[in-house]
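Notes follow the structure.
The values are calculated or read from the model by the stated rules, or taken from the named source; none is laboratory data. None of these values were measured; they are calculated from a predicted model. Cβ atoms come from the backbone with ideal geometry, glycine included; neighbour counts cover every protein chain shown.
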Amino acid sequence: MAAIKKKKTLESSAGRLLVSACRRLTGVIKPRISKQQAAASASSPLHALTAAALALPGLMMTPAQAADEEAGFQYGHYQEGKRQLFGIKSRFKPIEVESLQGSGKIKLADRVRFAFNYIQDTWGGATPIATAPLSFQGNRENGVIAGATPFLQNNNVYFDAQLNPLQRNNAANTFSKDPQLVHTLSSASPETRKQGDFKLSYEWDEAALDVGGGISLENDYESRFGNLGGRWDFNQKLTTLNLGLSYTASDTQAIIDHDAAPYIYDTTSGTASYNAMYDSQIEILPGGKRVLHGKRQDWAAHFGLTQILNRNALFETGAGYTRSTGYMANPYKAVETAFIDPAQTPGPSGELTGLAIGLLEQRPDARNQWTGDLRYVQHIDGLDAALHFDYRFFHDDWGINAHTFAADWVQPLGNGWTVTPRVRYYSQDAASFYQPYLVSQQAFSKLVVDASGRPILVEADNPNNGKTYFRDQNFNLVDENGNRVDEVAVNPINKTVPFDRKLLPAHYSSDQRLSGYGALSGGVTISKQFTKGVSLEAGAEYYTHEGSLKLGGGGEGSYADFNYYVVNAALKVDLAALALAGAGHDEHSGHGGHNDHSRHSGHGPAGVMFDHMLSRSGDFMVGYRYMYGNQHGAMLHGSDAAGDMDIVNNGCPNSNGCFLASSGMAMHMHMLDLMYAPTDWLNLMLMPQFVDMDMSMRKLDGAPQPTTPAEEAAIPHHVLHEHNTGGIGDTGVYALIKLFDAPGHHVHTALGISAPTGDVGIKFRDTHGLEGGFMHYDMQLGSGTWDFKPSITYTGQKNRWSWGAQISGVKRLENRNKSGFAFGDIFQSTAWGGYDLLNWLTASVRGVYTVKGSVKGEFNGTFNKLGPMDYSTSYGGRYWDVGFGLNAFVPRGDLGGNRLSFEWLQPVNDDVNGYQLPREGALSATWSYAF
Amino acid sequence: MKRSQLAPAAACLIFGACLSGCAPVAPWERGNLAKPQMALDVNPMLSTLRSHNYSSREAASGGSSAAGGGCGCY
């Protein structure tokens, strides 16, 4: 009470704004009491009106909040441009990335929100792994394939007395100064990252608390994170405070394979001495496989303030701090280091000769980062547009200061169309330890001599066993005691000591991301909002990275310039808006309800496609379909298990035998179902899809010795690495036509075309200067051919029972795709029965019989055939499955009209062509909403 | 008790000072501010994609919010 009295006296004298801010502030701490107080002390009509207005849902919304319940899907494609290699023709394609994102936000209870997000990126192509003077010839023709590959190891290089790199003219044996730098490019086979995260929020009238977490998985990098956030509105929601905290723990487990090793200080003894110099990061596994381990932790905090300035403008300002510790280097980036022995006698032209080695980059193991950001949003009255201006400052103790400026103009055009042009400028300083390449004035290695100056010899195969040998006067090999030993048994080599690590800088990196540069990007996004809360969006952005764009000048040379573009497409569904639209629909339809009707319009189990039609003209349906299939276990030949010798001898026709077999394969498919009913007897359907696959291989027991260099190189590569591919799959367009419709019985046909939008030209990266060639048929992202996909479906229902049957097929309309092959045709028949366990839940059982033809034709380019998966005869077969499914349907409420189905398909019998892995099962999950 | 009253009072002083420059905007005057184009992040999904691309090519990653995430360093 004392507090209230105090307030009243204040009100008469001090500023009203401050008082109302305080009232809101105390209201947050005791929300219930504050409401009563507000009602009791609503002395002025303004207060009463304010309280009433705040209760209106539309006005409650703080500007930063989006729709309450929504689902979204987004596809993005990142494509980098070619790098400047100064006339050298690289054989690598620039890096490209395919991204897929699905996100959803639902209301679990009145004040509880749950948001989840799934992101998947698959990338492949070339990136710089090091930088070197052009005279080092880091990109050079090497091996049997055309085009340059990386070369960073044991490279003789030349410098003048001032340590300027010299270009050698081999014919004339003359040298000329050439300071030009160039990136050394290397390529990787496709790799996939998958991230899932969630956020659970509780909202009060004027505050929110959320807790979230997630995981990101790659073959060589795993990251787990958790975060906590709070929002606090006060001052009649004119002001919002945000506080966020997060923790991330990441593990690097990078396989340093035989192809990367040549540019990171190769040989097992090299790695061992490397380990001796740095903390023991590299683990040498049996068989010579080397794995670099690293752990990293990030703690981050961000504090933000959002303020409404007037009826047309608001801003947000914030400050953040992140502390990162642990291994923060990139395990695939090398720093080219030239070792120049200062004791050497310069050559005839005064040139110094050095040996260049690629060393793994070394970054500090702690990084403190501070950010300050400002966002300003202004409504432009005449145009109903919004101008967004963002600025961010970044500073860290690695010596990097960075500035980011971005401006977006969001322009609604009417009829639901919005166009958003955007421009962004970014500039950063180089990290203090950034060096394009290193020069170290010491010999790369030195001979070790004993006290009397004799060179010490050790056993080549076991240099660290403590035994030492010498040459006597007659050049005979003797041990420490001067006794002669067998030259052949010892196989002596000179004992050497590597360079002194202390003479190198403590930290060094030539990662272009740590160099000084500026970047300018611009793009446009166009979106169309349809009625009932569905919107589609497409956008593009072009980005150029240039040293000369750095703020204040002094950026990296133009050799490091590059550009990329990103295109994206998205579908968003506002579930709350849909629910409202659906409710309106019901009132007009005047019968038992639209939702009840659609519930009984013959939905099959989740694994059955084209199982139902929209029954009224003008209806839409959006859906998402996920399918997962897994193959694993002992190889099959026909229906029987096949032994390794059988596969070696018979699995690879017209060859010396098989070397490898797949040990597991998994396929994930994400599909969007977009359906529209122009009339009640015809539905049109568009089905874009996104696929990703991984496959692991094993060496077959009794496999023959590889005979070609390509086989020698490819076999260990296949066994060491899981293969990943991912990206857009084929796109289906279908027409569903009603043939018969009576109470309880329905027949329709679907006629469709699948367009070959999936990539069928995916190749392995090149190893050892040998061409990796096409990846297995199964790992390609589509069929590559135009395909005809007909089906006919019957569904029936009575009381709590429902049933159905479907015959479907895939007929390839071309004999071969652009890569030279075509998958076999497919025929499938299925029948199912379902029972309503509850009025919203149906259980189903299904039988499926599938016949798939073998692959026709063969890859029309380089292609290393190593196992049955590379032979067209080991594709296709006859399969029996049993499916168990659940269909849930939300009849009413906020999420009314949503349908969720799952089905597990359990293989009963496989009868495969050739030699193939058995199927372990397949999961289908679908979500759909008709409106 | 005293503490719980002091803390908001202190906060009021700090923020009152910085808010005194702003005009009060009544809830019924916030129609423009509630429009989708006025959201601080108009397109969160696209922002996620963009910031992932930027952070895989720039040193000044993260920091605009405290969220955490994977690497995907290509």
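Keeping to region A:292-341, report how many residues are more than 12 Å from chain B (Cβ to nearest Cβ) and surrounded by fewer than 19 Cβ atoms within 10 Å (Cβ to Cβ). Number of matching residues: 5. Taking region A:779-802 as the range and being surrounded by fewer than 19 Cβ atoms within 10 Å (Cβ to Cβ) and in a strand (DSSP E or B) as the test, the residues that pass are A:Phe788, A:Pro790, A:Ile792, A:Tyr794, A:Gly796, A:Lys798, A:Trp801. Against the numbered list (1) surrounded by fewer than 18 Cβ atoms within 10 Å (Cβ to Cβ); (2) on the phi < 0 side of the Ramachandran plot, A:Pro716 comes up short only at (1).
Among the residues of region A:855-868, is any buried (at least 23 other Cβ atoms within 10 Å of the Cβ) and not in a loop (DSSP other than H, G, I, E, B)? Yes, because at least one residue in region A:855-868 is buried (at least 23 other Cβ atoms within 10 Å of the Cβ) and not in a loop (DSSP other than H, G, I, E, B). If you go through region A:587-628 and keep only what is outside any loop (DSSP other than H, G, I, E, B) and at pLDDT 85 or above, you end up with A:Met621, A:Val622, A:Gly623, A:Tyr624, A:Arg625, A:Tyr626, A:Met627, A:Tyr628.
Criterion applied to A:Asn156, A:Asn117 was being at pLDDT 90 or above, touching a Ser or Thr at 6+ places or on another chain (Cβ under 9 Å) and either in a strand (DSSP E or B) or not aromatic (Phe, Trp, Tyr) (or both), and the one residue passing it is A:Asn117.
Every test in (1) over 13 Å from the mean Cα position of the chain (by Cα); (2) surrounded by fewer than 22 Cβ atoms within 10 Å (Cβ to Cβ); (3) of a type in the set (D, E, K, R) is passed by A:Glu80 save one, and that test is (2). Listed here are the strands (runs of 3 or more DSSP E) enclosed by region A:342-421 that have at least 3 residues being of a type in the set (A, V, I, L, M, F, W, C) and facing chain B (nearest Cβ under 8 Å): A:385-396. Restricting A:Ser854, A:Ser901 to residues that are more than 30 Å from A:Ile715 (Cα to Cα), hydroxyl-bearing (Ser, Thr, Tyr) and touching a residue at least 60 places away in the same chain (Cβ under 8 Å) narrows the list to A:Ser901. If you check A:Asn650 against the conditions, is it surrounded by fewer than 20 Cβ atoms within 10 Å (Cβ to Cβ), modelled with pLDDT of 90 or more and more than 26 Å from A:Ser829 (Cβ to Cβ)? When the stated conditions are applied, A:Asn650 passes them. Within region A:916-931, being more than 27 Å from the chain's Cα centre (by Cα), of a type outside the set (A, V, I, L, M, F, W, C) and over 16 Å from A:Val851 (Cα atoms) holds for one residue alone: A:Tyr929. In region A:688-705, the count of residues that are farther than 26 Å from A:Gly914 by Cα and of a type in the set (A, V, I, L, M, F, W, C) is one or more. Of the candidates A:Gly876, A:Gly834, the single residue that is assigned by TED's automatic domain parsing to the domain that holds A:Trp803 and under 27 Å from A:Pro704 (Cβ atoms) is A:Gly876. Out of everything in region A:65-84 that is in contact with a Leu (Cβ under 8 Å, 6 or more places away or on another chain) and modelled with pLDDT of 90 or more, what residue ends up being farthest from the other protein chains (Cβ to nearest Cβ)? The selected residue is A:Arg83.
A single entry from A:Gly744, A:Gly727, A:Gly702 fulfils the requirement of being surrounded by 21 or more Cβ atoms within 10 Å (Cβ to Cβ) and on the phi > 0 side of the Ramachandran plot: A:Gly727.
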